[in-house]
Structures are given as structure tokens and as C-alpha cells.
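Student: Here you go, one structure.
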Amino acid sequence: MCLSALPVLCLDAIKCLRNLSWSSVPPQDIFLPPRAMIFLLVTLITATLFHPTTAIPSPALELRQSITTLSASQISSFKPFTFFASAAYCPSSTTINWRCGANCEANAGFEPTASGGDGTDVPFWYVGFDPSLNTAIVAHQGSDASSILSTLQDADIILQPLDSALFPGLSSSIEVHIGFAGEQARTTSDILSAVQSTLSAHASAKPSVTTVGHSNGAAVSLLDAVYLPLHLPVGTQVKYVGYGLPRVGNQAFADYVDQHITALDGGRGLTRINNKEDPVPILPGRFLGFHHPSGEIHIQDSNAWDACPGQDNTSKLCTVGDVSNIFEGDISDHSGPYDGVEIGC
């Protein structure tokens, strides 16, 4: 494509944004400040011009050799985590007592340890223990309509090395989204203290830890999954389940995650679930240096759930291949449904 076509591309991008299906989108996902709009337009144009056509292999994980369709029982095994991610959108005053309506009732045996955040400057979060799963849950809220700061962070696409005080011993080559890193740093001490208390209270059961979240809450939870093992007793398994996860870090980050998280439990330590034509998982673009770890499950239009091997698999059955640029996305798919569950409180 010649450069003279760029003005037309800009107009097409704006028209496409106006024509997207917004009717079922939560208000918090509609607001785009000028900075975010500029980022989105740059992403649209550059992705159209330079979108890669080859899959990026996973050097750290080759356990899943082909795309496979999950059984009904495998799909249902994720539902408790879906409700946990959805409950993170509820005020901390309700999750600390585990009285947040349907999201809490779906995991009625959950025992909360701590909760926090104000839903504005600091998104809601909570920590607790699920005896039926024998795991401590760490959950973070995604984008909130009342939190302009949270939305601005979504547009802050600079990569930076991880804070060595929070992530001791990790290579400076591992870089992450500066906005997600800043959001995660604000709650690390409270999260760590709550997880330590939870594990101590249930030490005889030797529980694992599972971090969960949706949207930018999924991004913060992924950083927690990297952070926590560095500060917990050796041998503590920290796993991850995320929904509508945007790209969080660079290739070195994706490789580290695959080696230390995804590889757990026979290659099932990390699962990131993408719904249909949700465009969020293809952002920020790979041309900006961002890459996903392995572990994708893509929900098809038929509602089949397909496990996609490798990082950023470009098969049409996987998100990067199905939603090759944002023009092909449908933002209403971002909130679900995930096996019948719409994310939100």
C-alpha cells in the first residue's frame, strides 16, 4: 500500500469505529480519551500496513502440538474462575463479606481474606481461599467507567523493564506495559500479605495460588502471577486464568511466563480465554514489541472452545488469525459470554 493512501485509511478507521456494535458494551469500555484514540488509530493503520502473517513459535513451551477442541467438562471446569473474575468488578465492601450477588453465589464456599481498591484510582481486588479447588484466589477488576486513570493507562503503551525491587533476579531484558506495571505495583504489598495469610491458614492442605482477571484486570493478574512466586515459599504453585487479556510484555516476558507459569500442571498453568471477535487481545500490536505467552483458548462463533498452541497463533481458529486487525473485531464480545457468563457485577 502506498503512503498516499494513509488519509483514506484514517477516514476508514474512524468510520469503522463508529460502525462497531456498541449497544451491549459496558459504559467503561466506551470512553476513549484523545490519547487513547490516537493510539487506537495508529494501531489500526500500522496493523493494516504491516500485520505479520506467520505464527510466532513458543520456544519455552511445545506441549500443545495442535489445535484441539475442549470437551463440555473441560469447558465447565473454567466456570468457577469466570465467576471469580467477574466478582472482581464488585465493590470491595461486598467481596470481603462474599455478598456480591450471582458472582459470589456461584462460588458459595469461597472464604475471603482481604479486599481493597476504590474502583477509581485503584481498581477493586480481593484475595481468599476456595476449598473445593484448594487454591488461593487473587482477583483484579478490569476497566471501570468511573476511573479515567485506568483508561489512560490502557493507552500508555511504553515498554519498561520490571521493577527490580518487586521482581528481584529477573533479567532487565524482560519488559512490560508501563501502565499495567504501575497499576500492579500499587497493590503488591497488600496482595502479598493477604496471600501469605491465606496460605498460612490452610497450610495443611498445601493449596496453590490462582490469579484471575478480565481485560486490564487480567493484565495486572498476570503480573501478579510472575511477582508472587518470587516472594512465596519455594514450591508454591502460582497459576493463572485470564479473560480478554491484552498483550502485557515483550518476547522475553512471554518466554519467561511460558517457562515459569504456563509449563506448570502439564502445560496448563496458564490459560487466557478469548471470546469470538474480541479485539482487545490483539492490542497492543506486535509491531510495538508486545507478545502473548502461550495458553490461548479461543471461543468460536459456534461456541466451541479451541486450545491454540504457541504464542500469538495465527490460525483462523485462534484470535490473531480470526481478528487480524481491529476492523474485524467486535468490542461487544469483550465482556462475554464465557460459557454463559457475562463479566461484570
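Values quoted throughout were computed directly from the atomic coordinates according to the rules given, and no laboratory measurement underlies them. As the structure is a computational prediction, the values presented were derived from the model and not from experiment. Reconstructed Cβ throughout: ideal geometry from the backbone, glycine too, with neighbour counts over all protein chains shown.
Student: List, in order, the whole-Hz ³J(HN,Hα) value for each residue of region 113-129 obtained from phi through the Karplus relation with A = 6.51, B = -1.76, C = 1.60 and θ = phi - 60°; use x for Gly and Pro.
Tutor: 9, 7, 8, x, x, 10, x, 10, 5, 10, x, 4, 8, 7, 9, x, 10
Student: Can you give the extra length, in nm with one decimal, that the chain gains between E328 and D265 once fully stretched, where that is 0.36 nm per residue apart less the Cα-Cα distance?
Tutor: 19.2 nm is the gain from fully extending E328 to D265.
Student: What ³J(HN,Hα) values, in whole Hz, does the Karplus curve 6.51 cos²θ - 1.76 cosθ + 1.60 give for region 174-188 when θ = phi - 60°, with x put for Gly and Pro?
Tutor: Along region 174-188, the couplings run 7, 10, 9, 4, 5, x, 5, 5, x, 5, 5, 5, 5, 10, 4 Hz.
Student: Quick one: if the Förster radius is 22 Å, what FRET efficiency do S302 and A106 give, using the C-beta to C-beta distance and rounding to 0.05?
Tutor: My answer for the efficiency is 0.35.
Student: Mind listing the long-range amide H neighbours of D278? Cut-off is under 5 Å, sequence gap 5 or more, other chains count too, H placed in the peptide plane at 1.01 Å from N.
Tutor: Correct list: D330.
Student: Put a dot 7 Å past each Cα toward the Cβ at K316 and Q160; how far apart are the dots in nm?
Tutor: 4.3 nm
Student: Still on this structure, please answer the following. Enumerate the calculated ³J(HN,Hα) couplings along region 68-85 in order (Karplus 6.51 cos²θ - 1.76 cosθ + 1.60, θ = phi - 60°), each rounded to whole Hz, writing x wherever the residue is Gly or Pro.
Tutor: Each residue of region 68-85 in turn: 10, 8, 6, 7, 4, 5, 5, 5, 5, 5, 8, 4, x, 6, 4, 5, 4, 5 Hz.
Student: Please list the non-local residues whose amide H lies under 5 Å from the amide H of R247, H modeled 1.01 Å from N, same-chain partners needing a gap of 5 or more.
Tutor: L283
Student: With label points built 7 Å along Cα→Cβ from the Cα atoms of S173 and Q237, find their separation and express it in nm.
Tutor: Taking the simple label geometry, S173 and Q237 are separated by 2.9 nm.
Student: Which shape class applies to region 68-333: rounded if a/c is under 1.5, otherwise prolate when a/b exceeds b/c and oblate if not, where a ≥ b ≥ c are the square roots of the Cα gyration tensor eigenvalues?
Tutor: Note, shape of region 68-333 comes out rounded.
Student: What residues qualify as long-range amide H neighbours of F129, i.e. H under 5 Å apart, gap of 5 or more or another chain, H built at 1.01 Å from N?
Tutor: Amide H to amide H, under 5 Å and 5 or more residues apart or across chains, F129 pairs with E111, T113, I137.
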